[in-house]
Amino acid sequence: MDLDLKRTQRGSNVNMENTNDLNSLNDFANVISYPSAEHYQSLLNSMDNLTQEHPSFSSGLVEFKSYVDSISNSDLEELYTRTFEIQGICCMDLGYVLFGEEYKRGAFLVNVSKMLDEFGVDPGSELADHLPNVLILLTKMPDSEERYDFVEKIVLPSIEKMLEKFPVKESGTNVYRYPLEMIKMYLEEVIAKKHLQ
């Protein structure tokens, strides 16, 4: 896989209006962000939006929502931490997922940081290449080959690698697998539609 991360130069007249087909990624970013008490209502609203907007692949989200509704917010925070943070099942920093500790990871992180700055995305307390930040970035990028290449060469392979870390069991499956699967299906659908144009 060719991961040439050099970006095309853009002038200062970049159209910052969101005129693309990836608006649902904002809701996906909410669903997979850290579920702090302040963020909890936003998480619930995003799950409702996604279930209504994408009924064809929302069954996993229904299971995720059912689980979220059955536990306390502090239990959800603990599950999130066990899943994505301190020695978690997987990491949501795409550079680490793709490159591990290689030099390319640093170059990738710098490049994504520049992209976040260019499109006005605040990474908060996370690294620039944290999956929720990247999903929000995709909604701000113009509808261009660069955006679709980024999805195909970086985002989808990263999510596929993340999903490999989640064991598939009939009982006891980590529920964060479901939103990651939905993001993957959603992005694959977007790419398929783009190729048909």
Please report the Cα spread of the range 14-127 along all three principal axes, rounded to whole Å, starting with the longest. 42, 38, 27
How large is the helix-only mean residue ellipticity at 222 nm for the chain, computed as the sum of -39500 (n - 2.57) over DSSP H runs with n ≥ 4, divided by its residue count, in deg cm²/dmol to the nearest 500? -17500 deg cm²/dmol
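What are the semi-axes of the equivalent ellipsoid for the range 118-165, taken as the square roots of 5 times the Cα gyration tensor eigenvalues, largest first, in whole Å?
Working: eigenvalues 68, 53, 7 Å².
Ellipsoid semi-axes (Å, largest first): 18, 16, 6.
FRET efficiency for residue 23 and residue 70, Cβ-Cβ distance as r, R0 = 45 Å, nearest 0.05? Could the numbers behind the result be given before it?
Values: r = 29 Å, r/R0 = 0.65.
For R0 = 45 Å, the calculated efficiency reads 0.95.
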Mind sorting out which of (i) 44, 42, 28; (ii) 50, 37, 32; (iii) 68, 54, 27 is the real Cα extents along the principal axes in Å computed from the coordinates? (ii)
Most mobile listed residue (95, 124, 60) in the chain, GNM with C-alpha springs under 10 Å: 124
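A short reminder: the numbers here are calculations on the coordinates, not readings from a lab. This is a predicted model, so every value here is computed, not measured. Note that each Cβ is placed from the backbone with ideal geometry, even for glycine, and that neighbours are counted across all protein chains shown.
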